[in-house]
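Shown next, in structure tokens, is the structure this report addresses.
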Amino acid sequence: VQLQASGGGLVQAGGSLRLSCAASGKIRGVNVRGWYRQAPGKERELVAVILNNGITNYQASVKGRFTISRDIAKNTVYLQMDNLKPEDTAVYFCYAKTIYEKQYWGQGTLVTVSS
């Protein structure tokens, strides 16, 4: 199973983007799906996750601006990003983890926010 991320691009500060992460097939035992990001010169960091029961969790800096959601039938997770800031500029990676502790990573999509 592969994760395919899309939706990145260049946007002005205050703008919006929606990222999508489609799984090529059913991930057996998946219990967490989410998004990480890595800015130039920085370590990869958690942005948002959604658990099997629908509970979501966000990094403090994106709370109230980003929304993670999913379409179970399409095996797809979304990240709606509103009121984007230049500090949100990063490569965004989608992620999945199973109850067997197996991790899946997408290829990354670049988000650039200009001031």
Selection from segment 32-86 of residues of a type in the set (Lys, Arg) and in contact (Cβ under 8 Å) with a residue 60 or more places away in the chain yields 33, 37, 85
Filtering segment 7-30 down to residues that are exposed (fewer than 15 other Cβ atoms within 10 Å of the Cβ) and more than 16 Å from residue 88 (Cβ to Cβ) yields 24, 25, 26, 28, 29
Among the residues of segment 39-46, is there at least one that is surrounded by 17 or more Cβ atoms within 10 Å (Cβ to Cβ), among the hydrophobic types (A, V, I, L, M, F, W, C) and at negative phi? no
Of the residues in segment 98-111, those that are open to solvent by less than 50 Å² (accessible area, probe 1.4 Å), within 19 Å of residue 59 (Cα to Cα) and either free of Cβ contacts under 8 Å to residues at least 40 places away in the same chain or out of contact with any Lys or Arg (no Cβ under 8 Å at 6 or more places or on another chain) (or both) come to 108, 109
Here the residues within segment 69-97 that are open to solvent by 80 Å² or more (accessible area, probe 1.4 Å) and in a strand (DSSP E or B) are 70
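The values are calculated or read from the model by the stated rules, or taken from the named source; none is laboratory data. Keep in mind it's a predicted model, so treat the numbers as computed, not measured. Every residue, glycine as well, gets a Cβ built from its backbone with ideal geometry; the counts of neighbours run over all protein chains shown. Protein only, heavy atoms only, side chains kept; ligands, DNA and RNA dropped before computing areas. Shrake-Rupley method; radii C 1.70, N 1.55, O 1.52, S 1.80 Å.
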